[in-house]
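Notes follow the structure.
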Amino acid sequence: MKRQIITIDETRCSGCGDCIPGCPEGALQVIDAKARLISDLFCDGLGACIGHCPTGAMKIESREAEPYDEKRVMQESIVPGGPNVIAAHLHHLIDHGQNDFVQQAIACLEELGIANPLESEITDNPASRQSHREHHHAPHNGGCPGSRVVDFSGKKHASAATVAPDSGVSIQSALRQWPIQLHLVSPQAPCYQGSDLLLAADCTAFAVGNFHSSFMHGKSLAIACPKLDSEINSYVDKLASMIDLSAINTITVAIMEVPCCGGLMSIVAEALRKASRKVPVKRIVIGLQGETLAEEWI
């Protein structure tokens, strides 16, 4: 069957092993100083490992592969790790909407006579439940930080717009073109000719209250999600075309602090390797509450 699955560029893999904790399913091992996908059966194709790779050697591709086997993963990789690993794995599946796999995992636990560690969350008080979830969503436990539920409703946001919602004042948009989704844009559109490109992860504009005035002024825009978007290879080709044919001046990459967002930097790096021109690249990392955590030319 054809499905999404991890692929590893061995020429870029350093063998550091940072991706291993991000794959509780046990699909990855470091063998002969390189990370290897040891079994298609163990890879769920959700990409929790991608953001942990410091060299951008990992990506999701669509290819013929054996169907993911949740029961085998549970028996051979998850259950031997104990309750914390089981809970992290279940949260990982739940946060990605994999309800069928969740039911298969729970059925496997029942078959093996092992208690479901998430059942206790139903009776825990809210504070304990949130603490429990945050613990199991930590990267070293194999959860997905980008899917962790965090409530900011009780906090004041320093970056929030200061105009009252009922004031009738309209804040002007800095958007210069349409469309903006990277799959839809034409890399040779007039708006990109000789422009400074802002390549923003989808979530950044919703995290930063003054995103337009802070990041978009005077820039052409493209948005993408390195984790959830399909056919990522086409992004590399489009960006390479923007660099060579549209002669863009600079690329500013705005990403969230979650690990999976780092895949956008890997896409840009690959496009630069493919393009004949070289352009300066700035990386901006946005915190979950909209604060700028890092801003640097690389």
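Which of the residues spanning the range 275-298 are surrounded by 14 or more Cβ atoms within 10 Å (Cβ to Cβ) and modelled with pLDDT under 90?
288, 289
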Quiz item: Does the range 254-269 hold any residues that are farther than 13 Å from residue 50 by Cβ and assigned to a loop (DSSP other than H, G, I, E, B), and which are they?
Solution: 257
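Take residue 251 and tell me if it is outside any helix (DSSP H, G or I) and either touching a residue at least 24 places away in the same chain (Cβ under 8 Å) or farther than 21 Å from residue 189 by Cα (or both). Give the derivation first.
Numbers: outside any helix (DSSP H, G or I): yes; either touching a residue at least 24 places away in the same chain (Cβ under 8 Å) or farther than 21 Å from residue 189 by Cα (or both): yes.
So residue 251 fits the description; yes.
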Self-check item: So residue 10, is it exposed (fewer than 15 other Cβ atoms within 10 Å of the Cβ) and touching a residue at least 40 places away in the same chain (Cβ under 8 Å)
Solution: yes
Exercise. Kindly check whether there is at least one residue in the range 41-59 that is touching a helix residue (DSSP H, G or I) at 6+ places or on another chain (Cβ under 8 Å), part of a loop (DSSP other than H, G, I, E, B) and more than 21 Å from residue 255 (Cβ to Cβ).
Key: yes
Practice problem: Please state which one of 266, 195, 234 is crowded, with 17+ Cβ neighbours inside 10 Å and free of Cβ contacts under 8 Å to residues at least 60 places away in the same chain. | Solution: 195
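Here is a yes/no grid of residues against (1) assigned to a loop (DSSP other than H, G, I, E, B); (2) surrounded by 23 or more Cβ atoms within 10 Å (Cβ to Cβ):
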{"site": "3", "(1), (2)": "no, no"}
{"site": "15", "(1), (2)": "yes, no"}
{"site": "25", "(1), (2)": "yes, yes"}
{"site": "29", "(1), (2)": "no, no"}
Quiz item: For the range 255-280, what are the residues that are of a type in the set (A, V, I, L, M) and more than 17 Å from residue 192 (Cβ to Cβ)?
Solution: 255, 256, 258, 264, 265, 269
Exercise. May I ask you to list the residues in the range 274-295 that are in contact (Cβ under 8 Å) with a residue 60 or more places away in the chain, over 17 Å from residue 260 (Cα atoms) and touching a Leu at 6+ places or on another chain (Cβ under 7 Å)?
Key: none
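The values are calculated or read from the model by the stated rules, or taken from the named source; none is laboratory data. Here the structure is a predicted model, which means the values were calculated and not measured. Here the Cβ is made from the backbone with ideal geometry for all residues, glycine too, and neighbour counts use every protein chain on show.
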